[in-house]
1. Would you mind listing the strands (runs of 3 or more DSSP E) fully within the stretch 27-95 where at least 3 residues are in contact with a helix residue (DSSP H, G or I) (Cβ under 9 Å, 6 or more places away or on another chain)?
2. For the stretch 210-227, name all the residues that are farther than 15 Å from Thr253 by Cβ and modelled with pLDDT of 95 or more.
3. If Arg96 passes every condition in (1) within 15 Å of the chain's Cα centre (by Cα); (2) touching a residue at least 40 places away in the same chain (Cβ under 8 Å); (3) more than 28 Å from Thr217 (Cβ to Cβ) but one, which one does it miss?
4. Can you spot a residue in the stretch 42-60 that is polar (S, T, N, Q), touching an Asp or Glu at 6+ places or on another chain (Cβ under 7 Å) and within 29 Å of Arg264 (Cα to Cα)?
5. Only one residue in Arg58, Arg80, Arg39 is more than 11 Å from Ile17 (Cα to Cα) and in contact with a Phe, Trp or Tyr (Cβ under 7 Å, 6 or more places away or on another chain), so which one is that?
6. Could you check how many residues of the stretch 197-245 are in a helix (DSSP H, G or I), out of contact with any Lys or Arg (no Cβ under 9 Å at 6 or more places or on another chain) and surrounded by fewer than 18 Cβ atoms within 10 Å (Cβ to Cβ)?
7. In the stretch 257-281, which residues are out of contact with any Cys (no Cβ under 8 Å at 6 or more places or on another chain) and either part of a helix (DSSP H, G or I) or of a type in the set (Ser, Thr, Tyr) (or both)?
8. Basic (Lys, Arg) and not in a loop (DSSP other than H, G, I, E, B) - does that describe any residue in the stretch 172-186?
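The values are calculated or read from the model by the stated rules, or taken from the named source; none is laboratory data. The structure presented is a predicted model; accordingly, all values stated were derived computationally and were not measured. Here the Cβ positions follow ideal geometry from the backbone for every residue, glycine too, while neighbour counts run over all protein chains shown. These accessible areas exclude ligands, DNA and RNA; they are computed on the full protein's heavy atoms, side chains included. Shrake-Rupley method; radii C 1.70, N 1.55, O 1.52, S 1.80 Å.
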Amino acid sequence: MICETNQKQAYRTVLIIAGSDSIGGAGIQADIKTCTALRTYAMTAITAVTAQNTLGVRSYRAVDADLLRGQLQAVIEDVRPDAVKIGMLPTVECVRIVADFLRVNSLENIVVDPVCVATSGDALAADSVPAAIRDCLFPPATLVTPNVPEAELLSGVKIADEPSKRRAAEAMLDCGAAAVIIKGGHPVGDTRDMAVDTLYRNHPHEERVYRAPFVDTANTHGTGCTFSSAIAAGLAKGLTLDLAIQYAKNYLTEAIRAGADDSRWHGHGPMCHFYNVPEIQ
C-alpha cells in the first residue's frame, strides 16, 4: 500500500471487528489482507482468538468484554473510520458491546457478516448470538452478507429455490436490515456454473443479481470474510453500495482463481489475496 502524505489524497480507513484465524485465511487476518490489497487502511478490534487451520476449528475463546471495549475506544479516540466491517461475534455480550459502540459514535458504512459457522462446518458463536445480531446489528447495518446456511439461521426460512431465498431476505429486511445480499457460494437451483449473489433492499425496493464464473476449487477458506471486507473497502473509498458489491465480487473471483491450484493445504485452502499487488523489484 502506498501511503500518501498529502492529506487531500489520504487513504481511507476500515475498522474491522472480528475474530482471528491462526492459519491466516479467514477472520481478521483475511480482512486485513483484503483491505490492504484494495488500498485501504485496516484498523482492528479482535473479538475472539481461534485455534484453527484449513481442516477446521479446534477451539476458540472470546476476548474479555472490557478488552473489546478498550480496543474500540482506542480506535475511535484517534480516528473515525470511513467504514466498519463486523465479523465473528462469539457471545451476546460481544454483540451488544459492538452495537452500543456503533450507536454512540453514529458510524456509517457498516457491513455485517453474520459469521456463526466456519467453512468447515464448525460453530463460531453461541446459539443465542443469531437472534442478538438480528435485534442489535441489523438496524444500523448498511448491508448484511449471509451465505445460504447463515440466511436460513437468521430468517428461519429453509432455502431451496429462488422464491424461498426471497422470503428469507424479506424476513431479514423486516428485522431492520437496510439491505441483504445472500451469497452464492452455496448454489441454489440451476446456478452451479455461476457464483450468484442476490441483493435485496426495501428503500428503494430492489432485487439485483451479481454473477461471476464459479471457480471449481477446494480453496474457499475465508471467502465470506474477504467478500464483506472488500465491500467495506469499497464503501470507505466512496463507492455506492451497488458499485462496492461489484468491486468486491470482481476482487473475490480473481483472488479465488489465483489460489485455486495451490495444493499444499490439507483442507479448504485460502485464496490469493495479493494477486493484484506487484512485487517490489
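1. Values: elements: 41-46, 48-53, 56-62, 83-86.
Here the list reads 41-46, 48-53, 83-86.
2. Going residue by residue through the stretch 210-227, those that are farther than 15 Å from Thr253 by Cβ are 218, 221, 225.
Once the filter is applied, which keeps residues that are farther than 15 Å from Thr253 by Cβ and modelled with pLDDT of 95 or more, the stretch 210-227 yields only Cys225.
3. (1)
4. Here is the first cut: in the stretch 42-60, the residues polar (S, T, N, Q) are 44, 47, 50, 52-54, 59.
Filter once more, so that each one left must be touching an Asp or Glu at 6+ places or on another chain (Cβ under 7 Å): 50, 52.
Retained after the next criterion (residues that are within 29 Å of Arg264 (Cα to Cα)): 50, 52.
Taking every residue of the stretch 42-60 in turn, at least one turns out to be polar (S, T, N, Q), touching an Asp or Glu at 6+ places or on another chain (Cβ under 7 Å) and within 29 Å of Arg264 (Cα to Cα).
5. On the way: Arg58 fails: in contact with a Phe, Trp or Tyr (Cβ under 7 Å, 6 or more places away or on another chain); Arg80 fails: in contact with a Phe, Trp or Tyr (Cβ under 7 Å, 6 or more places away or on another chain).
After ruling out the rest, the residue left standing is Arg39.
6. Within the stretch 197-245, residues that are in a helix (DSSP H, G or I), out of contact with any Lys or Arg (no Cβ under 9 Å at 6 or more places or on another chain) and surrounded by fewer than 18 Cβ atoms within 10 Å (Cβ to Cβ) number 1.
7. Filtering the stretch 257-281 for residues out of contact with any Cys (no Cβ under 8 Å at 6 or more places or on another chain) gives 257, 260-261, 263-281.
Arg257, Ser263, Tyr275, listed by residue number.
8. Here is the first cut: in the stretch 172-186, the ones basic (Lys, Arg) are 183.
The next check asks that each one be not in a loop (DSSP other than H, G, I, E, B); those that pass are none.
Looking through the stretch 172-186, none of the residues is basic (Lys, Arg) and not in a loop (DSSP other than H, G, I, E, B).
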